[in-house]
Amino acid sequence: MTTASELPAAPGVGYKPQHYSALLADPGAVQWLEIHAENYMGDGGRPIAQLRHLAERFPISVHGVGLSIGGETRPDPDHLARLKHLCDWLNPASFSEHLAWSTHDGAFLNDLLPLPYTERTVARVADHIDEVQEVLGRRMLLENPSSYLAFADSTMRETDFLRAVADRTGCGLLLDVNNVFVSATNLGLDARRYVEEFPMDRVGELHLGGHDEDHDDHGAPLLIDSHGRAVADPVWALLDEVLGHGGPAPLLIEWDTDVPDWPVLAAEAGRARHALARAAERAAA
Amino acid sequence: MSGTDQGLFRAAVMNPAAAVPSSLRDGSGRPAGRRFAVYRNNVAVSLTEALAEDFPACRALLGDETFRAMAGAYLRQHPPASPLMARYGAELGAFMDAAPQLSRMRWIGDLARFEFALRDSYHAADATPLGAETLAAIPPESLPERRFGLAPSVRVLRSDWPVLSIWRRATEAGAPQAQPVPEDVLIARPAYDPEPHLLGPGDAAFVDALGAGAPLGEAAEAALAVAGAHDATAILTLLIQTRSLTEPEPRP
């Protein structure tokens, strides 16, 4: 098996087709690209042609949003076969998926839905990751979710859950710093403590994205992981904590809704480059 | 978590009137309440947005409010069958055909099938079209026996309604009013962008016959059987110009 991530410890962005020409003309700080696997499972046409061309110039990270690794049943074999086909021809630098479920009884719900953290769900998620890694012939990264609620029957902290799954399967982890901030705010947890407890030696990639602000029934803040705006300042501050613990890592800016013009996204990548450079200086000092 | 808990979660996500599953809490152990609405909203809005983006002409002609109400009903009855959102909406045409509130817009189902076919063509496999020199080298006397293939991006639609004219009227400024005549349409993809072409009488039968592996002579007869009179030159020229003809599939 290949290693979990061969991405450079540098900024990347989630690729959007509307940025194709501007990105190729001036990538700025961007050194790699992430694509959503499901958008490149057609048989041909422009999406595949663009991806082939981009892959000649940039390392590509394939990020799945539809494998339903946290589902009650094993990953859909047809979908896994499509994923294998994509990874086989593209040979990406990394493949990652979410600690979440999205498919139930043949229906795909197009959202990342939560699961309780118990020994039983550790075993189930680990079995599914074993199967994915076996079929793909590569290690994968598993991403921490954004949480809006908790389960009464959870018996483990999320960091312990992720560590247990990684230990059992050998998979790497993708630490989404915005998700940590969103979940900690929504559930009244300590984001810095989450970062301290996170198994940084497993991390193959970091994510940053924007969130929206709302409130729950009791007036408590409820942050929504919308990927529709710039990364919030406290999330950049939390990133510094993460980099302080784990050192520089491949760092992705996600912007999936209300997608801005290329210079705006490139500026976010520039800010990510500064954060990585500062962390490298601190580590060397 | 019992084996059916995700089933309960799904049912509650898809039905805003359903009770929030009791095992869901906020960070202090209180019932999750409207926190659950984040998931309801994500599912309904993301699927509605996907349909709105993929069926722009239907949305323009129904009006945004009516289209979104239709999408909301559709996504609950027909959630995506796979994570490939590019394939979502295949049954929207049939769904709208059967919707009583749309009975005055009986063409809307064909328009949805047309928009779906455009998208389907966009994602279809690439093909190597037959070059002009290959075609020119075919001796005229052997043409009736010659078989061709069609590029995987080619689609033929038959409509009892002026579906192409309705689509143009909805998507192109200054397009003329649709006349009440049936229209057959060829969707071809010369490079990466699917383009629709109005077909003449018998042309759809001709293209379908070629696609089914019939030699040119048989395809011409199939067109004649439908249209009474048919000149294959125009449709053949269109297929060549749009890079729609390929070498035929090897025959067993």
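Things to note:
- Once backbone amide H atoms are built at 1.01 Å from N, A:Gly209 has A:Asn178, A:Glu254 as its partners under 5 Å, excluding neighbours fewer than 5 places away on the same chain.
- Per atom type, the protein assembly as shown shows carbon and sulfur on 52% of its accessible surface, probed at 1.4 Å.
- Relative contact order for the stretch A:60-195, counting Cα pairs under 8 Å that sit 6 or more residues apart, in percent: 24
- With the charge dipole of chain B set up from +1 on Lys and Arg Cβ and -1 on Asp and Glu Cβ about the Cα centre, the Cα lying farthest toward the positive end among the listed residues B:Gly174, B:Ala205, B:Ala12 is that of B:Ala12.
- Residue among A:Arg138, A:Arg52, A:Arg124 with the largest mean-square fluctuation in a Gaussian network model of chain A, springs linking Cα atoms under 10 Å: A:Arg52
- In the protein assembly as shown, taking the dipole from charged Cβ atoms about the Cα centre, the farthest positive-side position among A:Ala37, A:Ser21, B:Met70 is held by B:Met70.
- For chain B, the relative contact order works out to 16 percent when only alpha carbon pairs closer than 8 Å and six or more residues apart are counted.
- With all protein chains in place and ligands, DNA and RNA left out, the 1.4 Å accessible area ranks A:Arg229, B:Arg59 as A:Arg229, B:Arg59, largest first.
- Placing +1 on the Cβ of every Lys and Arg and -1 on the Cβ of every Asp and Glu, with nothing else charged, gives the stretch B:127-252 a dipole about its Cα centre of roughly 280 debye.
- Here the Gaussian network model covers chain A, with springs between Cα atoms less than 10 Å apart; of A:His85, A:His245, A:His218, A:His218 fluctuates the most.
- Anisotropy class of the stretch B:33-123 from Cα gyration tensor, a/c 1.5 cut: oblate
- Dipole of the stretch A:11-284, positive end: most advanced residue of A:Gly188, A:Ser68, A:Gly137 [Cβ charges, Cα centre]: A:Gly137
- Mean sequence separation of contacting Cα pairs (under 8 Å, at least six apart), scaled by the length of chain A, corresponds to a relative contact order of 20 percent.
- Dipole magnitude (debye, nearest 20) for the protein assembly as shown, charges at Cβ of Lys, Arg, Asp, Glu: 260
- One chain, two ends: B:Ile240 and B:Leu224. Fully extended at 0.36 nm per residue, the span grows by 3.7 nm beyond their Cα-Cα distance.
- Whole-Å distance, taken between Cα centres, linking the stretch B:108-155 and the stretch A:134-183: 47
- Put a plus charge on the Cβ of each Lys and Arg, a minus charge on the Cβ of each Asp and Glu, and nothing anywhere else: the dipole of chain A about its Cα centre is then about 900 debye.
The values are calculated or read from the model by the stated rules, or taken from the named source; none is laboratory data. Given the structure is predicted, the values throughout are model-derived calculations rather than measurements. Virtual Cβ from ideal backbone geometry, glycine too; neighbours counted across all protein chains shown. Calculation scope for accessible area: heavy atoms of the full protein, side chains included, ligands and nucleic acids excluded. Shrake-Rupley method; radii C 1.70, N 1.55, O 1.52, S 1.80 Å.
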